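The values are calculated or read from the model by the stated rules, or taken from the named source; none is laboratory data. Bear in mind the structure is a predicted one, so any value in this text is a computation, not a measurement. Cβ placement follows ideal geometry from the backbone for every residue including glycine, while neighbour counts extend to all protein chains displayed. All accessible areas refer to the heavy atoms of the entire protein, side chains included, with ligands and DNA or RNA removed. Shrake-Rupley method; radii C 1.70, N 1.55, O 1.52, S 1.80 Å.
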Amino acid sequence: MEAMPCQNQRLGPRPQDEPPAAATATASGASRLIRFAEPSDDSGCPSPDSSSSSNGVAAEAPVPAGEGGAPAIGPQLKLLPMNDQLRELQTIIRDKKSSRGDFVFSADRLIRLVVEEGLNQLPYTECTVTTPTGHKYEGVRFEKGNCGVSIMRSGEAMEQGLRDCCRSIRIGKILIQSDEETQRAKVYYAKFPPDIYRRKVLLMYPILSTGNTVIEAVKVLVEHGVQPSVIILLSLFSTPHGAKSIIQEFPEITILTTEVHPVAPTHFGQKYFGTD
């Protein structure tokens, strides 16, 4: 019996793909930049962490753009394709007027999108299954040997999103806080699956500001035998400095995020857990 094609196989002629809307920027290939309006009490979309301009109009974020709209940091940094749905979720999360219910709902949706794309970065093998109608279907199956690691406490917000996609996945935890005297990141707690050195790791931390916390977390994973090349960092928002610092320290790591902007929504953890 004839085999059914996999989802990504063409069934027939396809019309010429239209260029993505996000790529309709300048002739030099610059991406559509995120804009912030000057804060005001009656603004439709106020942001507590906005960049203001001298004339009160929207100011472009000074993020250098590379090929494909990604910031010129390196191929290790991967951005989710921008669309209006993604922008709306980012807007609700940044809006200081958003209720906690709307904030958590939007954050969970954004987390799910990042987790789904993170899983798409994992290796898979091709396989053939038999459908209830007796047809052979050529598909794929993810390889075993993956785990998640959340950086407490904000990283714990992403755990449920990962479990919703991988019901039986094992998740480790790392607690890192700044030392009161030296202000340097210090590891206080780490608990991983005993065979984590054999696994591919989805490291979860929603906001990359300086990158110091993630760098310390990766160092702990390396001490437990994990190679940076098998670590995929799942993040919602990142600053250029944070992403660059991590990649400079660990050039083989992969960073997946939705936005790179000099101003990160650092209120995320407090608002998500209701301690703001």
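Observations on the structure shown:
- Projected label distance in nm at GLU138 and LEU113, using a 7 Å step from Cα toward the beta-carbon: 3.3
- Sorted peptide list for 101-112, 206-217, 155-166, criterion being average Cβ within 10 angstrom, highest first: 206-217, 155-166, 101-112
- Over all orientations, the range 75-224 has a Cα convex hull whose mean projected area works out to 12.6 square nanometres.
- Local electrostatic count at ILE169 - Lys and Arg +1, Asp and Glu -1, tallied over other residues with Cβ under 14 Å: +2
- If you wrap the range 173-244 in the convex hull of its Cα atoms and look at it from every side, the mean projected area works out to 4.9 nm².
- Mean accessible surface per residue for the range 118-276, computed with a 1.4 Å probe while every protein chain stays in place, in Å²: 50
- DSSP-defined beta bridges in the range 128-220 - what % are antiparallel, rounded to 5: 45
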